Structures are given as structure tokens and as C-alpha cells.
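Peer 1: Below you will find the structure I want to go over with you.
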Amino acid sequence: MKDVWTLKYRPDSFDGILGNRQTVETLKSLTASGTLPHMILFGPDNSGKITAALALANRIYGNERELNFTYFNASDFFEQGKNYLVRDPRFYRILGTDDPKKIQKSVINVFKDIINEYAAIAPMNADYKIICIDSAEALTMEAQQALRRIMEKYSKTCRFILSSKSISKIIPPLRSRGVTLFFSPVASEELVPFMQEIVEKEGFSVKEDVLFEIAYQTHGNVGDSLEVLQTALLEAQEINTELTVSMIQMQFQLEGEDGTMDLFNSTVYDKNFMEARNKLDTLLIDDGLTGSEILEGFENAVWVEEKKSGDEMKTAKRLIQIADCDSRLAQASNERIQLENLIANFDNE
């Protein structure tokens, strides 16, 4: 129980990946072909993108995966910046210091140097090496342009796998240089038996309806489901009680009681645009949320409402409005304007 289940039970082969059978079969075929292209894996968080990339590397390299597979997280580079760079021991040789104040170059230039250097390293006992960049939507426009040139320069000895939850934020020149594969959330019919198997291995007993509730609340997000399950079981164990559906619902209700839920209520029920606009400013300025994070909160609120009302048609219309706003955010220079447009027109027929 001490180990984090999301890591402990992450599959290391294609056969262990939940759902996305067509995408997995495509990856198997590409791996077997011997001519692996650059790839862009996109889909929601924890839908199996990085797990699939690791499984692919395991199949190609076997025990030599660590020599030929390199993983970077773009959001660490561009959201944490130099403070992250000095914490990663891989970069000390390139940076020459562990003090972020002594790094003279900008983060974007450091990123270029690091990716260029790793791409230039010759593969070990293989035809090519793989560089996997997670959260690629966090890459700036300049970083993506630089990455495009590096991909072209080392195309004979290096393959890039980009993982992103928003394909629209990847520039067309990058998208055109690789195969794009979509990963969808995992259906409850697959996720629930997977959780049940883990529960039994860990020596617990959980009713099936509780597991279905977790799968429903997380919308098929495998990582979130395991995290919720493990945390809930620990809490139930502490108070010596059985895990119930109401306990799971209460946990998600508490998580939903944040500023985005208040914004949603002002938008949908109060129909007070000025009040909603002020709450939006609070989220953006005082709380420091991004536009994408606010839209995720809106989406969660929509699913909570759907569970109460059962109105699937209204839920679908609301999700389309949120998706349209998300698409516009990818091209927008001002997130606030697009979000104001959403709250001004949300639920309008």
C-alpha cells in the first residue's frame, strides 16, 4: 500500500494497456515495420500516451531502453523554468551550475541546447534512438520551430514522440512530420475489472458499484481512478469502515468546491455576467489559473450537473461550447476575452 499504484501497476508492454485497441495495434505494426516514424500521441491526461511510448521503447530496445530512450516534460521546462533545470542532474553538464541565478541563457535557448545535444548522441546497438517529449502543448512557438529543425537534422538516427492533450497547440509543420494517434479515456467496462484486480492483489475488498462510481467520476482517467481508489481506501482503513459510493461522491464534491464551480454557478444559474466576470478575474489574476484549467473546472461542473439532471442533450451542448472555447484559446493572444465570450453565451440557445 506504500507504493503509488499509478506507478506500481503501469504496464510495460502493449498487451497491458487498457482500451485504445486500434491505436495500440497501429503502434505494434509501426514497431514491427522497422521504419518507425516521428509520432504525436494526443488525448486526455492519463489515457495511456506515455505508457504506450514506454511499451514501444521496451519492445524495440529491451534491456537497452535506458540507453536509447530519453524522456522530457515540456511543462517542466516552460512552466517551472530554471528552477527545474538545476534540479535535474542530467542537465548539470550542459548548464555548468546548480544555481538558477547563474544561468545566463534563456529557458528557450537552454531547451534548444539540451534537445540538440541529446538528439546528436548516437544510438547504442540500434538504428535510432527515441526522444519523448511529454506535455508538448507547453512548448512555445519558438521552441516548436526549433524542434522542427532538430527533427529534420537528426532524422536518420533519432525519432521524436510528442505527447499532448491538445493537438491544436502543436504547430502544423510539426504535425505534418509524424503519425498522429489518438488516445481516448478508458471505458468503465475495462477500467473497473483492472481496478478490481489491483484491489485483490493489495488485499482489499471493494464492491463493484464503488469502482464504477470512481470510473464515472474520473471520466475513464486511469491515473486519477487509481489515485482516488488508493486514497479512499487509506482513509477508509484509518476509520475502520468499508468504502462506499457515498464516500467517493463526497470526495469529488469537496474537490469540486473551488472557484471554477462558483464561476459556473454564476454563469448558469445566477445569469449575472458582471458577477461571473469578476469571479473570472479572480481565478485568472489572484488564483493564477490558466484558461485551460478554468475550462477543465467548467467541464467537471458540467459532468456533476449531468449526474443530477440526467439531461444528456444539454450536457453535450455544453461540452461543445467548452470545446469550441478551448480551440479558440489555442490561437488566442488573450485568454480572458475568449473566456468572457464563453460565460456571456454559455447555455444560450
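Peer 1: Using alpha carbons only, how many angstrom separate the centre of the stretch 189-264 from the centre of the stretch 99-171?
Peer 2: Here the answer is 37 Å between Cα centres.
Peer 1: Quick one: which residues, 5 or more positions from TYR71 or on another chain, have an amide H under 5 Å from its amide H? H modelled 1.01 Å from N in the peptide plane, none for Pro or chain starts.
Peer 2: CYS132
Peer 1: How far apart, in nm, are the 7 Å Cα→Cβ label points at GLU340 and GLN145?
Peer 2: So the two model labels end up 3.0 nm from each other.
Peer 1: Are any of the pairs LYS8/LYS165; LYS8/LYS129; LYS112/LYS279; LYS82/LYS271 more than 32 Å apart by Cα-Cα distance, and if so, which?
Peer 2: LYS112/LYS279; LYS82/LYS271
Peer 1: May I pose another question? Is the shape of the chain rounded, prolate or oblate, going by the alpha carbon gyration tensor and its root eigenvalues a ≥ b ≥ c, with a/c under 1.5 for rounded and a/b larger than b/c for prolate?
Peer 2: It comes out oblate by the Cα gyration axes.
Peer 1: Taking the Cα centre as origin and putting +1 on Lys and Arg beta-carbons and -1 on Asp and Glu beta-carbons, what dipole magnitude results for the chain, to the nearest 20 debye? Before the final figure, lay out the partial values.
Peer 2: Working: 38 positive and 54 negative charges, 454 e Å.
Rounded to the nearest 20 debye, it is 2180 debye.
Peer 1: If you take the charge dipole of the chain about its Cα centre, with +1 on Lys and Arg Cβ and -1 on Asp and Glu Cβ, which of PHE91, GLY34, ILE170 is farthest toward its positive end?
Peer 2: About the Cα centre, the residue reaching furthest to the positive side is GLY34.
Peer 1: Here's another thing I want to ask about it. Stretched out fully, how many nm does the piece from THR282 to ARG59 gain, at 0.36 nm a residue minus the Cα gap?
Peer 2: This chain segment gains 75.5 nm when fully extended.
Peer 1: When a footprinting reagent is the concern and you count Cβ atoms within 10 Å, what order do TYR9, TYR269 take, fewest first?
Peer 2: So the residues, fewest neighbours to most, are TYR269, TYR9.
Peer 1: Express in nm, to one decimal, how much length is gained between LYS153 and LYS28 on full extension, taking 0.36 nm for each residue of separation and deducting their alpha carbon distance. Before the final figure, lay out each step's value.
Peer 2: On the way: separation 125, 0.36 × 125 = 45.00 nm, distance 2.64 nm.
Gain on stretching LYS153 to LYS28: 42.4 nm.
Peer 1: With a cap of 11 neighbouring Cβ atoms within 10 Å, and only residues DSSP puts in a loop, list the GluC sites (Glu not before Pro) found in the stretch 68-146. Please report the intermediate quantities before stating the final value.
Peer 2: On the way: sites: GLU79, GLU117, GLU137, GLU142; in loops: none.
Of the GluC sites (Glu not before Pro), not one in the loops of the stretch 68-146 has a Cβ with at most 11 other Cβ atoms within 10 Å.
Peer 1: Determine, from the Cβ-Cβ distance of ASN272 and LEU319 and an R0 of 22 Å, the FRET efficiency 1/(1 + (r/R0)^6), rounded to the nearest 0.05. Intermediate results must be reported in sequence, preceding the final value.
Peer 2: Values: r = 23 Å, r/R0 = 1.04.
Step by step, r from the Cβ atoms, then E = 0.45.
Peer 1: Can I ask one more? Tell me which residues come under 5 Å, amide H to amide H, from TYR128 once H is placed; ignore anything under 5 positions away on its chain.
Peer 2: none
Peer 1: Using a ≥ b ≥ c from the Cα gyration tensor of the stretch 188-256 (square roots of the eigenvalues), is it rounded, prolate or oblate, where a/c under 1.5 gives rounded and otherwise the larger of a/b and b/c decides, a/b for prolate? Working shown, then result.
Peer 2: Working: a/c = 1.67, a/b = 1.04, b/c = 1.60.
Cα axes put the stretch 188-256 in the oblate bin.
Peer 1: Run down the aspartates and glutamates and flag those whose C-alpha is under 14 Å from the C-alpha of LYS207, throwing out any fewer than 8 positions away in its chain.
Peer 2: Within reach: GLU197, GLU242.
Each reported figure results from applying straightforward, stated rules to the coordinates on display, with no laboratory input. As the structure is a computational prediction, the values presented were derived from the model and not from experiment. FYI the Cβ positions are ideal-geometry reconstructions off the backbone, even for glycines, and counts take in every protein chain you see.
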